[in-house]
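Peer 1: Structure provided below as structure tokens; questions to follow.
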Amino acid sequence: MTTATTSTKTATFVRPSFLRRLLDANGLWRVTINFGILLAFISLGILAPVLPLQNPVKPNPMNTLQPPSAEHWFGTDRDGMDIFSRTIHAIRTDFTLALSSVLIGIALGVPLGAISGYYGGLLDNVITRITEVFQGFPQILFGMAFIAAAGNTLTNVVLIVAFYNIPVYSKMVRSVVVPLRDVEFVQAARVAGNPSLIIVFRHIIPNALVPVFAQLPLSCAYAVQMIAGLSFIGLGVEIPKPEWGSMIQVGANYMVFGKWWLSVFPGLALFYSVWVLNNISDILKSLWSKRV
Amino acid sequence: MLETLREWGFFLGKRLAILLISLVLMSIITFSVTHFIGNPVYLLVGPRHTQQMLDNMIRDLGLDQPLWQQYLNYAGNLLQGDLGVSRYSYNPVMRDIRSRLPATLELSTFALLLGVLWAVPAGILAGSRPRSRFARIVDVIAQAGVSMPSFWLGLLLIYVFFAKLSWLPAPLGRIDRQYRTIAQVTGWYTIDTLWAGNWNAFVSSVKHLILPALTLAITTSPSTLRIARSKTEEIMQSDYIRSARAFGLSNSTVRRYAFKNMLAPVVTMIAMTYGYLLSGTVLVEIIFTWPGLGLYAVDAMNHSDYEPVMGVVLLSAGFYLSIYLLADIITALIDPRARVTK
């Protein structure tokens, strides 16, 4: 990655590799454990259909609400579906929804922030103000209102989560772009006769990519939490489809009667995945903060 | 003196203008969602309707008027505090909201207090000794707290303290049934029961409040903690603290200097947390059947009753923006640098 700050070093300086810098700033253990768990989650999710798991959506009326056993590691739920298998399959649902909503948010937020930061003035003011108002909207509640109006579909859930990611990225990119506006290499590009949009997309946005990538896992963590929260109140994911939030919801009523396994296991998976994503975002941010 | 007054005038003027613009933008967004995305007409006329019924309903709702006229009607109603009528309870949404607001306010205020009480001291301590074991433990707790889904944590607490230990009452509402007749003065049961001098009722209300408040405190306090921690760390390494130490000022004096500078960002974060809490209680309210705004909105949504949901959204967004303004003013009171408008 070519950036403004590193290309001016003397010839004898060899920039340490990406991995080296990551390990130096965070220690071997922290990096290995967090990336290891994330990798485990992702590969379990990808391999779920070929792993020897029980059918995650097959009800069994003869075998409902069974506590964890050798046959059903995490027990069975209200309809007799195997909770272990459902928890694993839910990785697919949650991670896919979260990642796609975050990617949409990036695709819209990054150019928006770059343009508002580069042009400044009235346009910048308007965009900044609108994004601030968006952020003031209560997430779960506005999500509810939007989905109630637009229809209870997965697409709408992804859209509403993406909508909350736009201001995050536009703000961040804007803060990177503003100080770069008058830096020499940008001026050089301008003097050479490049149109503004080329300058923004080819010369300025690449500088914002490191913080954007450091933010990505954090946004995914929020997105997973929000998607689970929305499906907990019955929005988006329909019940037989394995998803952590709706699984917790099914188990919620049994918690007071001491049947803990329905909610605890999907909740643990949700908690761990969000935690690991948060940690990884912190680890990646160390790359960024060292340079500023 | 005059200079300070002018400074304050500019500052407050700008802030208020921003608030006003934000409120207008907010109403445009909610207006767009209600008018472009959803179409309440079909819900109102039901599935078996004639074209005549549809036309009448459109005229009754004023949907045949030009768009700007519709928006002005909408904004005018909002200004008069008219959020529409609930199609389920047949009450004006504003009245329903007013009767449920104290429950949410009580819960979020206690959650905020619980969170701040531990997060600020812990953050300062961890920040002044950033390499210590204590700081590391605090980091882990904070990270775990943010990652915890609030509705799941609430369920775990219910399982432990109600289902297993039976120390606390069932997660059904704000107070035991027999005390529900207590005179409503503020709408806050913890205060009203004390006002009535009914100690048992007070204990009952606290027992009902403690788990939802704790749940929210654990999940929302880490952001305050992190700000307090990183600001303290940053300030303790700054030049003026080093100078103060070099002058031989006592530790307590140095700490006082540092504290004053750390306060402004921490206050902002606490205010933002409070703004978030008012709507962020929704999932926890469901778990504990806490009859507040969130539960009201969810119930309304389940009855395809649209106006209450939008009313609660508008109210919490407005509350968030106002609290943000308040935080800016407090910051300006604490830190003169924040008053200078560019």
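The values are calculated or read from the model by the stated rules, or taken from the named source; none is laboratory data. On a predicted model such as this, the values are computed, not experimentally measured, just so you know. Cβ sites come from the backbone with ideal geometry, for glycine too, and all protein chains shown count toward neighbours.
Peer 1: Test residue B:195 against the criterion of being free of Cβ contacts under 8 Å to residues at least 60 places away in the same chain and farther than 18 Å from residue B:122 by Cβ, and give yes or no. Reasoning before the result, please.
Peer 2: Numbers: free of Cβ contacts under 8 Å to residues at least 60 places away in the same chain: yes; farther than 18 Å from residue B:122 by Cβ: yes.
Here the answer is yes, as residue B:195 does meet what is asked.
Peer 1: Cβ-Cβ under 8 Å, sequence separation 6+ or interchain: first residue in the range A:126-152 and within 7 Å of chain B (Cβ to nearest Cβ), partner not in a helix (DSSP H, G or I). Which pairs?
Peer 2: A:140/A:233; A:144/A:233; A:144/A:235; A:148/B:38; A:148/B:304; A:149/B:38; A:150/B:38
Peer 1: Residues that are within 14 Å of chain A (Cβ to nearest Cβ): list the helices (runs of 4 or more DSSP H) wholly contained in the range B:223-342 that include at least 2 such residues.
Peer 2: Numbers: elements: B:239-246, B:251-280, B:282-287, B:293-302, B:306-334.
Per the criteria, B:251-280, B:282-287, B:293-302, B:306-334.
Peer 1: Could you count how many residues in the range B:55-107 are under 30 Å from residue B:288 (Cβ atoms) and out of contact with any strand residue (DSSP E or B) (no Cβ under 6 Å at 6 or more places or on another chain)?
Peer 2: Filtering the range B:55-107 for residues under 30 Å from residue B:288 (Cβ atoms) gives B:81, B:83-107.
Still in the running and out of contact with any strand residue (DSSP E or B) (no Cβ under 6 Å at 6 or more places or on another chain): B:81, B:83-84, B:86-91, B:93-107.
Matching residues across the range B:55-107 total 24.
Peer 1: OK, next. Limited to the range B:132-148, what total is found for residues that are within 21 Å of residue B:282 (Cα to Cα), of a type outside the set (A, V, I, L, M) and either touching a residue at least 12 places away in the same chain (Cβ under 8 Å) or more than 7 Å from every other protein chain (Cβ to nearest Cβ) (or both)?
Peer 2: 1
Peer 1: Okay, next question. Give the residues of the range A:225-244 that are more than 8 Å from chain B (Cβ to nearest Cβ) and assigned to a helix (DSSP H, G or I), sorted by residue number. Spell out how you get there, then give the answer.
Peer 2: As a first pass, look at the range A:225-244 and keep what is more than 8 Å from chain B (Cβ to nearest Cβ): A:226-227, A:230-231, A:235-244.
Selection gives A:226, A:227, A:230, A:231, A:244.
Peer 1: Looking only at the range A:106-115, decide whether some residue is buried (at least 19 other Cβ atoms within 10 Å of the Cβ), modelled with pLDDT of 90 or more and under 14 Å from residue A:247 (Cβ atoms).
Peer 2: no
Peer 1: Report, by residue number, each residue of the range A:1-48 that is basic (Lys, Arg), exposed (fewer than 15 other Cβ atoms within 10 Å of the Cβ) and either modelled with pLDDT of 90 or more or assigned to a helix (DSSP H, G or I) (or both). So that I can check it myself, show each step before the final result.
Peer 2: In the first step, residues of the range A:1-48 are kept if they are basic (Lys, Arg); the result is A:9, A:15, A:20-21, A:30.
Now narrow it down to the ones that are exposed (fewer than 15 other Cβ atoms within 10 Å of the Cβ): A:9, A:15, A:20.
Of everything in the range A:1-48, just one residue is basic (Lys, Arg), exposed (fewer than 15 other Cβ atoms within 10 Å of the Cβ) and either modelled with pLDDT of 90 or more or assigned to a helix (DSSP H, G or I) (or both), namely A:20.
Peer 1: Return the only residue of B:48, B:131, B:87 being assigned to a loop (DSSP other than H, G, I, E, B) and crowded, with 16+ Cβ neighbours inside 10 Å.
Peer 2: Numbers: B:48 fails: crowded, with 16+ Cβ neighbours inside 10 Å; B:131 fails: crowded, with 16+ Cβ neighbours inside 10 Å.
Result of the check over B:48, B:131, B:87: B:87.
Peer 1: Just to be sure I understand, how many residues within the range B:145-186 are surrounded by fewer than 16 Cβ atoms within 10 Å (Cβ to Cβ) and assigned to a helix (DSSP H, G or I)?
Peer 2: Total satisfying the criteria: 4.
Peer 1: Among the candidates A:102, A:57, single out the residue that is among the β-branched types (Val, Ile, Thr), closer than 25 Å to residue A:232 by Cβ and either assigned to a strand (DSSP E or B) or in contact with a Cys (Cβ under 7 Å, 6 or more places away or on another chain) (or both).
Peer 2: Working: A:57 fails: either assigned to a strand (DSSP E or B) or in contact with a Cys (Cβ under 7 Å, 6 or more places away or on another chain) (or both).
That would be A:102, the only listed residue that is among the β-branched types (Val, Ile, Thr), closer than 25 Å to residue A:232 by Cβ and either assigned to a strand (DSSP E or B) or in contact with a Cys (Cβ under 7 Å, 6 or more places away or on another chain) (or both).
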